[in-house]
Each structure stands twice: as structure tokens, then as C-alpha cells.
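K.L.:
Got a structure here, written out as C-alpha cells. Questions coming.
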Amino acid sequence: MPHDPDLVPTHTTAAPSSVARWVARHHGLEVAHCHLIRRGLNDNYALRASDGSRCVARLYAIRPRGDFNVDYEVALLAHLDAQGVGVAAPVLTSDGRTHVPLQFPEGPRALALFRHAEGAVPDTLEDIELTGRTLARIHQAARDYAGPPSRYTLDGHHLAGRTLGYLQAYPELDAGLLATYTQLVQRLLEELATSEGGLTRVVCHGDTHGFNNHVHTDAAGTRKTVFFDFDDAGPGFLAYDLSVLPWSHMVRKSLKAPDDTLRERWAHYLRGYRAGGGEVSEADLAALPLFVQLRHLWNLGEAAGRLHHWGTNSMPVDWMQKQAEVFEAWTGLDLSGPGAPQA
């Protein structure tokens, strides 16, 4: 049948065989096996080369935030890897490029290759502490990064302002709920404006929720962790990068307040961050409730901005209505407790 001109693709999932051929062609890697890991904000594929080495290929999805930040991401990872920080190092193309531009039916997308991160997600308290320690090393090592600049900064506009724009185009949002979110965004931005002058700035990973780093034991018997998925990285606030872990725990468990498990994990996470040389001020800790809310709003916005791919079922209106109560509860967020480190 001829192509229907009314068919407009919004997102194409490439077959693993296509990705294997592209990697072989552009990276000179003889691929023995390739499979799709998951679809999401991007499409990730696991590859095993004929020599046994393993990599992950990422096909960046078109997102409303704008052009891909891949040049910054790859340069930052190369910088961190050169300083001995545990990250999934990028694999450049045979001719030295950071990524391969590919023309998809929905528009241009980018393909980048990264080394496989051994191990599994952190699970024990020791793993959580190691995660915090390595995050501190990332922040320290990134201080003298001098490569391509990030296309965006993790500021109020990025975390909240964009979301409001996406919600204004949401097809099932009534005027009352939109007004609720408009007031929420205004409140959070005003709170950020009054406190940001005293907050620590770092190069944020941007997505440190505990599932973007793997912990493993090396040949010498030492526990190490490797961070990956830096596609949300950029200049921002330390309090934001720290807030993502407790936010993730509370969202996954539908909590309006921290439970004992989170308090214990937070204590070890913060202890590890400080043991790794990271400095956390009283102002940074005081801003955690704000940034947990900003993170939740940013995540909500990522779903709202992907309706053409994920649909409204990824963020139904009744769920959005309930989140108003969650934001309100998190204004008084307190992660302190027995054994928790103090500022």
C-alpha cells in the first residue's frame, strides 16, 4: 500500500538490528548482539561486541526542551573519566565525533555510545553511602571542566517554568487545576529567588535517583560505583542534585513524609557525600524541601511534554489533582531523625 500522507509519526522505535549496523558503521565495532533495554525519555540498547566488551547505545528522543545536549554530556563524561571518577565513559565514533546524527521519520535524532556500567543499582546502606561519596567526586572533578557549554541550566525556568508551558497545552486540564499549578510554580520560583544567593552551585548530574549508578566489586575486592545517564546534566544547585534521591523514594512509595527507611538512607547518603569531600551548608539542607518539590514539578513536566509519545495516561488528570496535596505536604519535609547527620 502507498504511504498515507496523513500518517505523521511522533516517535519511532528502531529495531536493534538497525542500531547494531549503525554502531558497526560509525564506531567500527563488530557487534555480536544488540537488544533494546527500554524506551523512555530516550531509547537505550545493550550491545556486546565480538571481543566480549559491552556498551550501551542511546538514541536521543526529540524533546520539547530543544536541541540535544550530547556534546556537553560526552565532553563532561570524558573529563570526569580522565580524572578517575566512576562514570560510564563515552565511546567516540571512528572519526572522533561525539554522536551520529540520524534522520528519523519524526525528525533528526542523535546516536551516542557509552561503556557498559558493571554491577547493579545500590541496595544496601553501604552502597547508598558509596553513591553519595562518588557524587561528591563528580561535583569536585567537574569544577575545572572547560569543554562545550551546556545548552541549559538547571534553574527555576528549567525546573518549573518549562513545566507550566507544557501544562498550558495539556488537553484535559481545566482552568481551575491549571490555576492551581500556576500558583504553585509562582510560589516555588519566589521561594527560590529569595534563597538562591546562599546556595552552593555545582555541575549537576541532574537525575541521581539511585537507579542511574551501578555498584560492583572489582578484581581487588573493592566496592565501586559507576554513574551513567548524564543527559539531564548541567550547571545548577547542589541541593537539587541531593534532593533527587529522597524524592525518588517518596514517589515510588507514594509518601507525603519520609519513612524510617528513607531517613536511614539519607543519613548514609549525606555521610558518604561529606566523606567524599563534598561540602553541604545549612542553607543547602534548608532548601531540600523546595528542591524536592521542584524535582517533582520537573518530572511532571517531562511527562506533560511527552504526550505525543506517552499519551495522557502517563499523567492522568486525577493523579495531577492529587499531587497538589503532595506538594503541600512536602513544604514541611524533614529528613532528620535518629542517626541523621546534622548540618
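The values are calculated or read from the model by the stated rules, or taken from the named source; none is laboratory data. Small disclaimer: the values here were computed from a predicted structure and weren't measured. Virtual Cβ from ideal backbone geometry, glycine too; neighbours counted across all protein chains shown.
K.L.:
Specify the residue that is surrounded by the fewest Cβ atoms within 10 Å (Cβ to Cβ); the eligible residues are those in the stretch 122-175 that are small (Gly, Ala, Ser) and within 20 Å of LEU307 (Cβ to Cβ).
P.N.:
Checking each candidate, the answer is ALA175.
K.L.:
Could you pull out every one of the strands (runs of 3 or more DSSP E) wholly within the stretch 170-250 that has 3 or more residues that are touching a helix residue (DSSP H, G or I) at 6+ places or on another chain (Cβ under 6 Å) and of a type outside the set (Phe, Trp, Tyr)?
P.N.:
201-204
One line per residue, one yes/no per condition, for (1) in contact (Cβ under 8 Å) with a residue 24 or more places away in the chain; (2) crowded, with 23+ Cβ neighbours inside 10 Å:
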position: THR208; (1), (2): yes, yes
position: ALA220; (1), (2): no, no
position: GLY236; (1), (2): yes, yes
position: TYR240; (1), (2): yes, yes
position: SER243; (1), (2): yes, yes
position: SER248; (1), (2): yes, no
position: VAL251; (1), (2): yes, no
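K.L.:
Test TYR181 against the criterion of being modelled with pLDDT of 95 or more, surrounded by 16 or more Cβ atoms within 10 Å (Cβ to Cβ), out of contact with any Gly (no Cβ under 7 Å at 6 or more places or on another chain) and outside the structural domain of GLY28 (by TED's automatic domain parsing), and give yes or no.
P.N.:
yes
K.L.:
What do you reckon, is GLY52 more than 16 Å from the chain's Cα centre (by Cα) and surrounded by fewer than 16 Cβ atoms within 10 Å (Cβ to Cβ)?
P.N.:
yes
K.L.:
Let me ask another. For residues that are out of contact with any helix residue (DSSP H, G or I) (no Cβ under 9 Å at 6 or more places or on another chain), assigned to a loop (DSSP other than H, G, I, E, B) and either in the same structural domain as ASP232 (by TED's automatic domain parsing) or within 30 Å of HIS308 (Cα to Cα) (or both), tally how many sit in the stretch 20-39.
P.N.:
The total comes to 0.
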